[in-house]
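The values are calculated or read from the model by the stated rules, or taken from the named source; none is laboratory data. None of the values given here were measured: they were computed from a predicted structure. Neighbour counts run over all protein chains shown; Cβ positions are idealised from the backbone, glycine included.
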Amino acid sequence: MELVRVLCEKITRNLDHKGASTLLKQPFLSAAELGICEIVEEIIKAFPDAIWFSNEMNCNAFQLAITNRHKKIFDLVFQTSTADRNLLLMSIDTCGNNILHLVGKLAPQSQLNLIPGAAMQMQRELQWFKAVKNIVHPRFIDDKNYEGKTPAMVFSEEHKELVKEGEQWMKSAASSSSVAAALIATVVFASAIAIPGDYDDDGTPNFHKRREFTIFAVSDTIAMFLSFAAIIMFLSIFTSRYAEKDFLEALPRKLIQCLLLSFSSITWTAIAFACAAYLVFFGENAYGLVLVAVSFSVPTFLFTSSQYPLLIYLLVSTYRPGIFRKKSKHVVY
């Protein structure tokens, strides 16, 4: 970075405007295309007119950042004055594509690979399209390129295969998780019938006065209803229409609910098992309590560690305020 700063300083100090533009143009556009925010920032500081550089396709830094999904580059260029920013946003490339047409194209595979699962990749693409749509002039929304295509048409054509892959991913995730939910429902239902300690002669559970038995009964009941709810939610994923826009919020929210219900049902099932094991096998033994606590925590930890990253990503991706900074949502024309 020190070398970049020195070079920019020397170029702008010793060369005229045309000479500096000739030397800085290609590094600036390459850095914008590759997402190297630090170099873009240094060049803009040394040579503010660099924001007007464009490549052979007449794409400026804004358009390159959008095409390659580099949020930091976009935010950096967006800090320019309102008039300059609006002119950059209204630029059209040699194919007649405005900035909405460009964001409608499929992201580079290197960017898609950073996101777990085809459904989440589709969600991210929709978020980019929506974010750019909110900051451009309304006439750009239905503007047509030289092929006669609107931004929405470009987006649908480019993401046709990703929608299919997202549907398969969602159904695969729901299928594997619904099996676990059904198994939990079966186990807890059987436990409710064959309670620990059996019954006495008048049909009253032998352990009905023990606190552990009360905890077992409550936990088993909650686990059963949560597992049933999880199964219903997983079925709703199977029967969803999988329209393009559903990947933005509707489908991710269903998956979040399914994962939360599954996690909760497993937790309450583990609590019910721990109480039953303690009642039947250990009585008042303190060492038994430690063993039961360990047996309760292991399955819960395993499920959490395996599903936690996906759940956190889903929550952040679905409920965060937006891709761009809040100030970028209000553009004055």
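Only one entry of S81, S54, S91 meets the criterion of being hydroxyl-bearing (S, T, Y), under 28 Å from R5 (Cβ atoms) and crowded, with 16+ Cβ neighbours inside 10 Å, and that entry is S54. In region 107-127, the qualifying residues are those that are in contact with a Pro (Cβ under 9 Å, 6 or more places away or on another chain) and modelled with pLDDT of 90 or more, and the one that is farthest from L34 (Cα to Cα) is A119. For region 14-42, the candidate set comprises residues that are of a type in the set (S, T, N, Q) and more than 15 Å from V4 (Cα to Cα); within that set, the residue that is farthest from the chain's Cα centre (by Cα) is N14. No other residue among I135, I141 is modelled with pLDDT under 90 and within 25 Å of P252 (Cβ to Cβ) apart from I135. Only residues that are touching a residue at least 12 places away in the same chain (Cβ under 8 Å) and either under 20 Å from K71 (Cβ atoms) or among the basic types (K, R) (or both) were counted in region 141-161, giving 6.
For region 192-203, the condition of being crowded, with 18+ Cβ neighbours inside 10 Å and modelled with pLDDT of 85 or more holds for none of the residues. Taking V179 as the residue in question, decide whether it is over 23 Å from the mean Cα position of the chain (by Cα) and without any contact (Cβ under 8 Å) to a residue 60 or more places away in the chain. For V179, the condition - over 23 Å from the mean Cα position of the chain (by Cα) and without any contact (Cβ under 8 Å) to a residue 60 or more places away in the chain - is met. Considering region 55-68, the residues that are of a type outside the set (A, V, I, L, M) and either in a helix (DSSP H, G or I) or farther than 16 Å from W128 by Cα (or both) include one that is farthest from the chain's Cα centre (by Cα), namely E56. Just one of (1) without any contact (Cβ under 8 Å) to a residue 40 or more places away in the chain; (2) assigned by TED's automatic domain parsing to the domain that holds I215; (3) of a type in the set (S, T, N, Q) fails for S110. It is (2). Restricting region 97-153 to residues that are of a type in the set (A, V, I, L, M) and surrounded by fewer than 17 Cβ atoms within 10 Å (Cβ to Cβ) leaves a set whose member that is nearest to N58 (Cα to Cα) is I141. Of the residues that sit in region 6-45 and are loosely packed, with under 14 Cβ neighbours inside 10 Å and either in contact with a Phe, Trp or Tyr (Cβ under 6 Å, 6 or more places away or on another chain) or among the charged types (D, E, K, R) (or both), which one is nearest to P108 (Cα to Cα)? The qualifying residue nearest to P108 (Cα to Cα) is E38.
The residues of region 269-280 that are within 20 Å of L311 (Cβ to Cβ) and surrounded by 23 or more Cβ atoms within 10 Å (Cβ to Cβ) amount to a single one, T269. The residue pairs whose first member lies in region 65-89 and is assigned by TED's automatic domain parsing to the domain that holds I39 and under 16 Å from I39 (Cα atoms), whose second member is among the charged types (D, E, K, R) and surrounded by fewer than 16 Cβ atoms within 10 Å (Cβ to Cβ), and whose beta carbons are closer than 6 Å, counting only pairs six or more residues apart or on different chains, are D75/R325. Hey, among the residues in region 208-226 that are closer than 16 Å to I193 by Cβ and in contact with a Leu (Cβ under 8 Å, 6 or more places away or on another chain), which one's surrounded by the fewest Cβ atoms within 10 Å (Cβ to Cβ)? By that ranking, first place goes to F213. For region 15-30, the set of residues classified as part of a helix (DSSP H, G or I), without any contact (Cβ under 8 Å) to a residue 24 or more places away in the chain and hydrophobic (A, V, I, L, M, F, W, C) consists of L23 only.
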